[in-house]
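The values are calculated or read from the model by the stated rules, or taken from the named source; none is laboratory data. Keep in mind the model is a prediction, meaning the values are calculated, not measured. Cβ placement follows ideal geometry from the backbone for every residue including glycine, while neighbour counts extend to all protein chains displayed.
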Amino acid sequence: VSMTSREIREAFLAFFEDKGHQIVPSAPVVVKNDPTLMFTNAGMNQFKDIFLGDARATYPRVADTQRCLRVSGKHNDLEEVGIDTYHHTLFEMLGNWSFGDYFKKEAIAWGWELLTEVYKLDKDRLYVTVFEGDDVDGLPKDEEAYGFWKGLIAEERILLGNKKDNFWEMGDTGPCGPCSEIHVDCRPDAERNAVDGSMLVNADHPQVIEIWNLVFMQFNRQKDGSLKPLPAKHVDTGMGFERLVRVIQGKASNYDTDVFQPIIGFIAEKAGVRYGHDEQTDIAMRVMADHIRAISFAIADGQLPSNNKAGYVIRRILRRAVRYAYTFLQLKEPFLHKLVPLLAEQFKGVFNELIAQQDFVQKVVLEEEQSFLRTLVTGVQRFEAYAAEHQTIAGEFAFELYDTFGFPIDLTELLAKEKTLNVDMVGFQQALETQKSRSRAATAVDTDDWVVLQGTETVDFVGYDGLESETEIIKYRKV
Ligand code: ATP
Ligand code: MG
Ligand code: MG
Ligand code: MG
């Protein structure tokens with residue numbers, strides 16, 4: 001079928017509304033008052049208290065599109081973004097939920113119906129995964145889910161998966177259960193005939209991608225690690241909207257869909273390049289088109305760029321985009337802020353928060369760009385002075401530029417090349433590793449979806465460090 005991204009989103013919500021779901025608004029992407037989570041990273045976040053039994057559900061069935069950000073903690077996709085074609089910083093997660101209402105049978109049947117009958121995806125390109133069981137936990141294979149899938153899809157397309165991919169847990173304790181994921185093989189026929197797609201599921205293949213995760217919460221993990229059945233069982237699903245659009249529109253990359261093309265087209269025109277002609281400029285355009293979404297919604301939802309915690313994460317994303325623009329597209333003047341009105345228009349009627357605050361968001365982005373570009377210029381001057389007196393660029397110096405002036409190593413290499421100087425990459429990597437291991441040792445929280453606290457135990461934020469460096473050091477102490 002040929003559908004625009006807008007139509008695809010609307011069809012999802014209409015489908016589940018028709019199945020008795022209440023359509024609810026997206027929660028903000030910025031999470032306040034939760035020391036264990038900075039940003040919304042899944043559709044279920046706003047329903048956490050219901051799953052923990054601390055709140056009652058207003059509706060037994062809901063559906064929505066949730067804006068999510070995966071740039072910190074357990075889910076941190078930032079380094080992939082722009083390089084690959086299907087991980088974003090900010091993305092929409094389409095979801096449907098049952099709070100103690102329907103369970104596996106309906107969740108699986110409806111997911112299949114939506115994909116194959118409404119969106120008309122080719123059944124021969126779909127794979128589903130089912131939890132294989134785990135001896136350590138004494139968990140059996142998810143025979144129920146397997147049985148329901150068997151009635152819908154050829155058995156060789158049902159794959160068994162381990163705890164890592166097919167068992168979801170909220171934290172060290174709390175609700176958990178097996179999940180079933182749906183993957184799509186988007187490779188051309190010739191490639192599909194040559195290599196069996198089942199081998200490529202969950203193997204980071206750019207054309208064999210996961211689109212939907214159906215989680216069946218049926219256990220409660222106790223403090224001693226044992227599992228107790230939940231009195232009320234829940235369904236929690238999440239489907240990546242941009243990936244779904246890419247599959248339906250038959251594109252090889254999320255960035256080739258109508259979600260990203262208008263923005264990329266605008267960047268390409270202003271930078272005087274063409275998209276799809278050079279890998280390096282393409283990556284730069286993808287990074288910019290992606291990051292402006294994360295930055296804009298973070299600001300609209302109340303998180304300004306700053307030098308600490310969530311604000312620093314946003315500042316780093318913004319700087320990453322500026323660096324790519326500066327280095328690979330020769331955009332040396334503030335540019336990103338010009339993309340804000342395009343985005344606001346695109347999300348009109350979906351997430352109106354952006355259009356409501358468009359001018360403010362644009363102003364904040366512009367000021368950030370101006371100040372970071374000044375830092376970049378100062379760094380370039382430092383580089384010039386250093387280059388005048390040295391035969392090679394020492395690793396330590398490259399690291400200083402990286403750490404203090406936010407210079408990616410690419411930029412330093414580029415500047416060095418212009419002067420036919422070499423960069424000591426081994427020395428740079430060593431300095432980088434030293435810093436990384438220092439910060440790894442200090443990161444204690446935000447590694448799981450949540451740290452679920454027990455009894456009177458609370459987590460106390462102690463401090464942070466390394467403010468102007470790439471790596472934020474956060475120290476938490478359990479009290
Ligand atoms: P992947 O294995 O591709 O990283 P995931 O298993 O981490 O995905 P889930 O936590 O199961 O993803 O989230 C549900 C759905 O959200 C995924 O099936 C995928 O379609 C989508 N999704 C997850 N991460 C991203 C991302 N960074 N950008 C875009 N979509 C995403
Ligand atoms: Mg992931
Ligand atoms: Mg996965
Ligand atoms: Mg998944």
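Candidates are the residues of region 209-260 that are more than 16 Å from ligand 2 (Cβ to nearest atom) and of a type in the set (F, W, Y); the one that is nearest to Q346 (Cα to Cα) is F260.
With respect to being within 16 Å of ligand 4 (Cβ to nearest atom), aliphatic (A, V, I, L, M), more than 27 Å from H21 (Cα to Cα) and modelled with pLDDT of 95 or more, I158 falls outside the description.
The number of residues in region 199-208 that are surrounded by 16 or more Cβ atoms within 10 Å (Cβ to Cβ) and away from ligand 2 (no atom under 16 Å from the Cβ) comes to 2. Take the conditions touching a Phe, Trp or Tyr at 6+ places or on another chain (Cβ under 6 Å), in the same structural domain as K270 (by TED's automatic domain parsing) and assigned to a helix (DSSP H, G or I) and apply them to V313. Does it pass? For V313, the condition - touching a Phe, Trp or Tyr at 6+ places or on another chain (Cβ under 6 Å), in the same structural domain as K270 (by TED's automatic domain parsing) and assigned to a helix (DSSP H, G or I) - is not met.
Of the residues making up region 329-345, those that are crowded, with 20+ Cβ neighbours inside 10 Å, out of contact with any Asp or Glu (no Cβ under 8 Å at 6 or more places or on another chain) and not in a loop (DSSP other than H, G, I, E, B) number 4.
Answer with yes or no whether E396 is in the same structural domain as T412 (by TED's automatic domain parsing), surrounded by fewer than 21 Cβ atoms within 10 Å (Cβ to Cβ) and in a helix (DSSP H, G or I). In short, yes.
If only one of V423, V377, V350 is surrounded by 14 or more Cβ atoms within 10 Å (Cβ to Cβ) and in the same structural domain as R315 (by TED's automatic domain parsing), which one is it? So the residue among V423, V377, V350 that is surrounded by 14 or more Cβ atoms within 10 Å (Cβ to Cβ) and in the same structural domain as R315 (by TED's automatic domain parsing) is V350.
Any idea which residue in region 144-164 is nearest to V128 (Cα to Cα), counting only those that are within 16 Å of ligand 3 (Cβ to nearest atom) and surrounded by fewer than 18 Cβ atoms within 10 Å (Cβ to Cβ)?
From region 144-164, those within 16 Å of ligand 3 (Cβ to nearest atom) are 159-164; that's our starting set.
Narrowing the set further to residues that are surrounded by fewer than 18 Cβ atoms within 10 Å (Cβ to Cβ) leaves 160, 162-164.
On the way: L160: 9, N162: 13, K163: 15, K164: 15 Å.
Only one residue fits best here, namely L160.
Restricted to region 209-254, and to residues that are small (G, A, S) and more than 16 Å from ligand 4 (Cβ to nearest atom), which residue is surrounded by the most Cβ atoms within 10 Å (Cβ to Cβ)? Among those residues, the one meeting the criterion is S253.
The set of residues in region 271-310 being at pLDDT 95 or above and part of a loop (DSSP other than H, G, I, E, B) consists of G272, V273, R274, Y275, G276, H277, D278, D301, G302, Q303, L304, P305. Annotation note: of D64, D54, D49, D124, the sole residue that is away from ligand 2 (no atom under 16 Å from the Cβ), free of Cβ contacts under 8 Å to residues at least 60 places away in the same chain and either crowded, with 22+ Cβ neighbours inside 10 Å or not assigned by TED's automatic domain parsing to the domain that holds D196 (or both) is D64. When region 49-89 is filtered for residues that are over 20 Å from G177 (Cα atoms) and within 16 Å of ligand 4 (Cβ to nearest atom), the ones remaining, listed by number, are Q66, C68, R70, G73, N76, D77, E80, D84, Y86, H87, H88. Kindly provide the set of residues from region 242-259 that are away from ligand 3 (no atom under 16 Å from the Cβ), closer than 26 Å to K105 by Cα and not aliphatic (A, V, I, L, M), ordered by number. Those that are away from ligand 3 (no atom under 16 Å from the Cβ), closer than 26 Å to K105 by Cα and not aliphatic (A, V, I, L, M): none in region 242-259.
When the residues of region 161-194 are narrowed to those that are at pLDDT 95 or above, away from ligand 1 (no atom under 16 Å from the Cβ) and not in a helix (DSSP H, G or I), which ends up nearest to K105 (Cα to Cα)? Of everything passing the filter in region 161-194, R187 is nearest to K105 (Cα to Cα). Just name the residue that is farthest from V247 (Cα to Cα) out of those in region 76-102 that are assigned to a strand (DSSP E or B) and either without any contact (Cβ under 8 Å) to a residue 40 or more places away in the chain or hydroxyl-bearing (S, T, Y) (or both). Per the criteria, the residue is S98. In region 312-325 there is at least one residue that is crowded, with 17+ Cβ neighbours inside 10 Å, more than 20 Å from the chain's Cα centre (by Cα) and without any contact (Cβ under 8 Å) to a residue 60 or more places away in the chain.
Which members of region 202-241 meet the condition of being in a loop (DSSP other than H, G, I, E, B) and either outside the structural domain of R67 (by TED's automatic domain parsing) or within 9 Å of ligand 1 (Cβ to nearest atom) (or both)?
In the first step, residues of region 202-241 are kept if they are in a loop (DSSP other than H, G, I, E, B); the result is 202-207, 222-226.
Within region 202-241, N202, D204 meet the criteria.
On the stretch given as region 145-177, residues that are of a type in the set (D, E), more than 16 Å from T237 (Cβ to Cβ) and in contact (Cβ under 8 Å) with a residue 12 or more places away in the chain total 3.
Inspect all residues belonging to region 25-44 and state whether any of them is over 28 Å from G73 (Cβ atoms) and not in a helix (DSSP H, G or I).
First, the residues of region 25-44 that are over 28 Å from G73 (Cβ atoms): none.
Scanning region 25-44, I find no residue that is over 28 Å from G73 (Cβ atoms) and not in a helix (DSSP H, G or I), so the answer is no.
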